[in-house]
Amino acid sequence: MSHDLRLERLAKTFPNGTAALHDLSAEIDSGAFFSLLGSSGCGKSTVLRLIAGLDVPTHGRVVWPQGLARLGFIFQEPTLMAWASAICNVALPLELAGVPVRDARARAAEALAQVGLSGFTTALPRELSGGMQMRVSIARALVAQPQVLLMDEPFAALDELTRGRLNDDLLRLWSECRFSVIFVTHSVFEAVYLSQRILILSARPGRLLADIQNPVPSPRTPEVRLLPVFNATARDILAILEDRVTC
Amino acid sequence: MLTPLLRVILPILLCVGLLGCWEWSVAYWSIPSFVLPPPSAILAVFISDGVSLLHSAWITLGTTLMAFVLAVISGVALAVLFASSRLAEALLSPYAVTLQVTPVVAIAPLILVWVGLDRAWLAVLILAWIVAFFPVLASATAGLKAVDPNLRDLFRLYHAGFWQTLRRLQIPSSLPYLLSGIKTAGGLALVGAVVAEFAAASGNTSGLAWRILEAGNRLQIAKMFAALLLLALMGIVIYAILSVIEWLLLHRWHGDRRNNS
Ligand SMILES: Nc1ncnc2c1ncn2[C@@H]1O[C@H](COP(=O)(O)OP(=O)(O)O)[C@@H](O)[C@H]1O
Ligand SMILES: [Mg+2]
């Protein structure tokens with residue numbers, strides 16, 4: 001299978017001496033949904049930043065066999081411009097790329113509709129709930145039609161119910177638009193519910209503990225959480241994580 | 001409890017009452033007018049010397065506004081330079097601080113000699129600019145440092161250029177900081193202009209400060225009061241205008257959080 005992206009023996013040590021990441025290799029297939037799972041502080045965000053080119057690795061490299069893909073990045077916080085309406089926030093990537101304002105706004109409106117916010121185009125971020133802000137953030141990432149979507153614990157700060165809804169919406173968007181997703185999370189159940197493949201990182205400095213092909217069948221609907229295979233997979237992953245954490 | 005009407009009327013009543021007391025006390029205790037002139041004498045000065053006082057006020061106001069605009073432009077420009085280059089900040093910020101902590105009155109004679117006594121207005125402008133410049137630089141620097149690092153990364157991810165980042169991220173994001181610095185700078189530009197006029201004290205600068213000195217020398221205390229009143233009025237108007245601008249620019253974005261729908 002063709003792949004979008006290859007991580008070759010990535011390592012990162014920060015100037016202050018913190019070793020965040022150690023020797024991580026992986027191949028990311030195009031169109032796949034990946035989760036990067038690990039406890040807090042194990043270097044997950046660092047991996048995403050290295051992939052996005054926001055930071056440079058100390059060793060190893062990030063290889064794009066078919067050339068650098070269009071990227072979308074979703075942070076743990078909505079990271080919106082507080083002074084700009086939802087539609088202006090969403091249109092930003094297009095306007096930065098020189099798309100005429102009128103076209104950019106039209107496409108931004110479409111993206112907002114995709115995430116279920118068509119009635120909130122002129123709302124300011126502070127007028128929206130946390131979940132809605134995150135939807136704006138997703139719309140902003142989608143509007144530039146990314147080939148690879150990098151998500152850094154995007155739903156970690158949301159309540160359980162909102163998080164569940166956003167998970168399902170994300171799966172729907174992924175199946176419609178067919179970008180690859182690299183989804184960082186520290187929630188085992190979220191990883192098992194969403195992803196096709198799960199990369200498990202050890203505690204700091206992050207190393208690859210396991211690379212799991214998720215046996216849970218697709219399409220993922222809330223009912224798959226009740227399947228025995230769902231729980232078995234989650235249990236296996238927890239065992240891998242705890243095994244390493246305790247020793 | 002206070003209706004809007006009372007809010008306007010009560011301060012006016014208080015002011016009128018105080019002026020009345022003042023007028024009455026001066027007459028009652030026969031205070032000589034070179035110590036404390038009655039309000040009526042000050043009003044008389046406005047009628048007799050109003051035009052020349054306003055002319056002086058106009059000169060001081062012109063200096064103030066020019067110094068203010070220069071301070072805003074140069075302060076923001078330097079802050080942006082500092083934000084984009086650590087080296088520039090390390091090299092230049094000591095000089096900015098030195099300029100700030102040296103009393104402007106002490107620099108005045110030097111500047112005056114440099115620009116030439118015949119161009120005292122330029123010296124006054126430079127001195128007022130020096131005073132007003134620092135709060136803009138400091139607030140803009142603080143504002144630029146407070147830009148959300150994730151948003152900055154997002155702009156990098158989408159290959160935003162220098163001007164795009166400045167216009168769409170750095171300026172709007174640091175606006176609350178910047179505007180509070182600008183408000184301070186407006187008041188300080190006036191202070192700087194007046195102090196510089198005092199320091200440059202020559203007939204060449206016929207701003208309000210010069211009129212105050214002149215009136216003091218001649219013991220025309222009522223005229224001094226009139227000039228002081230004009231200065232206070234200018235300060236209030238500058239502050240009020242800048243406050244309105246601040247409100248216009250920020251209320252939608254930072255508006256009362258309790259008004260959330
Ligand atoms: N810029 C930085 N400088 C120094 N240390 C950092 C920096 N960024 C992250 N770290 C450290 O690197 C480790 C991994 O960070 P991160 O990738 O954010 O972990 P995670 O996202 O898995 O919680 C943490 O211990 C963190 O404190
Ligand atoms: Mg993180």
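Data for the structure
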{"item": "Percent breakdown of C-alpha pair distances by 10 Å bin, ordered from the shortest bin, for chain B", "result": "7, 22, 26, 22, 15, 7, 2, 0"}
{"item": "All lysines inside 25 Å of A:LYS12 as judged from Cα atoms, apart from same-chain residues fewer than 8 positions distant", "result": "A:LYS44"}
{"item": "Solvent-accessible area of B:TRP22 with every protein chain in place, 1.4 Å probe, in Å² to the nearest 10", "result": "70 Å²"}
{"item": "Spin-label pair B:PHE162/A:ALA239, simplified geometry with 7 Å Cα→Cβ offset, distance in nm", "result": "5.9 nm"}
{"item": "Computed helical MRE - 222 nm, chain B, DSSP H runs ≥ 4 contributing -39500 (n - 2.57), nearest 500", "result": "-28000 deg cm²/dmol"}
{"item": "Estimated [θ] at 222 nm from DSSP helical runs (n ≥ 4, -39500 (n - 2.57)) normalised by residues in chain A, nearest 500", "result": "-12000 deg cm²/dmol"}
{"item": "Relative contact order (%) - chain A, alpha-carbon pairs under 8 angstrom, separation at least six", "result": "26 percent"}
{"item": "By accessible area with a 1.4 Å probe, ligands and nucleic acids excluded, highest first: order of B:ILE12, B:ILE245, B:ILE182", "result": "B:ILE12, B:ILE245, B:ILE182"}
{"item": "15 Å beta-carbon shell around B:LEU78, net charge (K/R +1, D/E -1)", "result": "+1"}
{"item": "log₁₀ of I(q)/I(0) at q = 0.10, 0.14, 0.18 Å⁻¹ - the stretch A:59-194, Debye sum with one point per alpha carbon", "result": "-0.32, -0.63, -1.01"}
{"item": "Fraction of accessible area attributable to carbon and sulfur, the protein assembly as shown (%, probe 1.4 Å)", "result": "65 percent"}
{"item": "Compactness index (Cα Rg / 2.2 N^0.38 Å), the stretch A:81-145", "result": "0.96"}
{"item": "Axial C-alpha extent at least 24 Å, average Kyte-Doolittle at least 0.0 - helices from chain A (DSSP)", "result": "A:228-246"}
{"item": "Rg(Cα) / (2.2 N^0.38 Å) computed for the protein assembly as shown, rounded to two decimals", "result": "1.38"}
{"item": "Residue mean of other protein chain beta carbons inside 10 Å, B:154-163", "result": "5"}
{"item": "For the pair B and A, total buried accessible area rounded to nearest 100 Å², probe 1.4 Å", "result": "2200 Å²"}
{"item": "Quarter of Cα convex hull surface for the stretch A:41-137, i.e. mean projection, nm²", "result": "8.1 nm²"}
{"item": "Accessible area per residue in Å² at 1.4 Å probe, computed on the protein assembly as shown", "result": "50 Å²"}
{"item": "Relative contact order for chain B, counting Cα pairs under 8 Å that sit 6 or more residues apart, in percent", "result": "27 percent"}
{"item": "Cα gyration tensor of chain A - equivalent ellipsoid semi-axes, whole Å, descending", "result": "30, 22, 17"}
{"item": "Convex hull volume per residue in cubic angstrom - Cα atoms of the stretch B:18-97", "result": "161 Å³"}
{"item": "Spatially proximal aspartates and glutamates relative to B:LYS183 (Cα-Cα < 17 Å; intrachain offsets below 8 disregarded)", "result": "B:GLU246"}
{"item": "Rough spin-label spacing in nm, given labels placed 7 Å along Cα→Cβ, for A:GLU127 and A:HIS59", "result": "5.3 nm"}
{"item": "Sites B:ARG7 and B:TRP29 - FRET efficiency at Förster radius 41 Å, r taken between beta-carbons, to 0.05", "result": "0.75"}
{"item": "Virtual spin-label span in nm between B:VAL97 and A:SER187, 7 Å along Cα→Cβ", "result": "4.7 nm"}
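The values are calculated or read from the model by the stated rules, or taken from the named source; none is laboratory data. Everything numeric here is computed off the predicted structure, so don't read it as measured data. Neighbour counts run over all protein chains shown; Cβ positions are idealised from the backbone, glycine included. We work out accessible area using only protein heavy atoms, side chains counted, and drop any ligands, DNA or RNA first. Shrake-Rupley method; radii C 1.70, N 1.55, O 1.52, S 1.80 Å.
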